[in-house]
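Below is one structure, written out as C-alpha cells; comments come after it.
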Amino acid sequence: YFHRFNVAYKDIFFFFFKQKTAYEIKECDWSSDVCSSDLQYVPVDRIAFVRRFLDHWRPDMALWIESEFWPNLLSETERRGTPVVLLNARMSRRSFARWRRFKPLIRPLLSGLALALAQSEDAAARLTTLSAKRAEAIGNPKFAAPPPPADAAELAPMNNAPGPPPRWLAATTHACAE
C-alpha cells in the first residue's frame, strides 16, 4: 500500500506495512530518499480506523502487494475512487474452491480492482472467475531481478566438493535480519 503525491514534479511515495518484520526491514533496506516518517503501519481492518487512515493520507493509488484481502481497507479505498492494483497475486486451487463458495463476499472486493497482476495464468483465470474485471498474468516480479553477485572464490569449495552436497538457500533474507 502506498501513497504518492507530486511536489514540483518530484513524486513522493509513502509505504505502508501490515507486518512488523516488513516495517523493521525498512531500517536497513530503504534508500536515503525515503525517510522513516514515510513508512507507516496499515491500520487494523476496522472501518473507523480505515476511514481515519484514508482521510489522513488521501492516497492517489494503492498497490496491494502479495497480501491477503482486508475487506474494510480494500472496499473503503475502492469506494473512494482510489485505483487499487493487486500485484503479485496468487490464488491457489484450494483458496479458489473456498472463495467460490463465498463468491458474494469476494465479488465486491475483486470487482473494484483497477487491475490484478497475477503470478500465473491459472491465478489470473481464478481471479477473473471470482469477479476481477481485469486480471493479467505477468509472472512473479521477484524472479525478474538478476541474481545477486557471488564471489567465485567462496563458491569454489562448495562447487568442487565430491558427491551431491546438501545445499541450502536463504533467498528472501535481508542484511539486517542475518
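The values are calculated or read from the model by the stated rules, or taken from the named source; none is laboratory data. The model shown is predicted, which means the values in this text are computed figures rather than measured ones. For neighbour counting, all protein chains shown are included, and Cβ atoms are generated from backbone atoms with ideal geometry for every residue, glycine included. To get the accessible areas, we keep the full protein, side chains included, count just its heavy atoms, and leave off ligands, DNA and RNA. Shrake-Rupley method; radii C 1.70, N 1.55, O 1.52, S 1.80 Å.
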Within region 111-144, considering residues that are within 16 Å of the chain's Cα centre (by Cα) and assigned to a loop (DSSP other than H, G, I, E, B), the one surrounded by the most Cβ atoms within 10 Å (Cβ to Cβ): LEU113
Near pairs, Cβ below 8 angstrom, 6+ apart or cross-chain, from region 51-80 (closer than 26 Å to LYS142 by Cα) to any residue that is in a loop (DSSP other than H, G, I, E, B) and open to solvent by 70 Å² or more (accessible area, probe 1.4 Å): GLU66/ARG90
All positions within region 81-104 that are loosely packed, with under 14 Cβ neighbours inside 10 Å and either touching a residue at least 12 places away in the same chain (Cβ under 8 Å) or under 19 Å from GLY139 (Cα atoms) (or both): SER92, ARG93, ARG100, LYS103
Candidate set: region 36-80, residues that are aliphatic (A, V, I, L, M) and either assigned to a loop (DSSP other than H, G, I, E, B) or on the phi > 0 side of the Ramachandran plot (or both); chosen: the one least open to solvent (accessible area, probe 1.4 Å): VAL42
Pairs where the first residue, in region 144-168, is farther than 30 Å from ASN88 by Cβ and the second is hydrophobic (A, V, I, L, M, F, W, C) and modelled with pLDDT under 80, C-beta under 7 Å, 6+ apart: PRO165/MET158
Single unsatisfied condition, PRO108 versus (1) open to solvent by 60 Å² or more (accessible area, probe 1.4 Å); (2) not in a helix (DSSP H, G or I): (2)
The lone exception for ALA153 - which of (1) at pLDDT 95 or above; (2) open to solvent by 70 Å² or more (accessible area, probe 1.4 Å) it fails: (1)
Pair list, Cβ < 8 Å and 6+ apart or interchain, from region 116-134 residues that are within 16 Å of VAL84 (Cβ to Cβ) to residues that are open to solvent by less than 10 Å² (accessible area, probe 1.4 Å) and of a type in the set (Val, Ile, Thr): LEU130/ILE106; SER131/ILE106
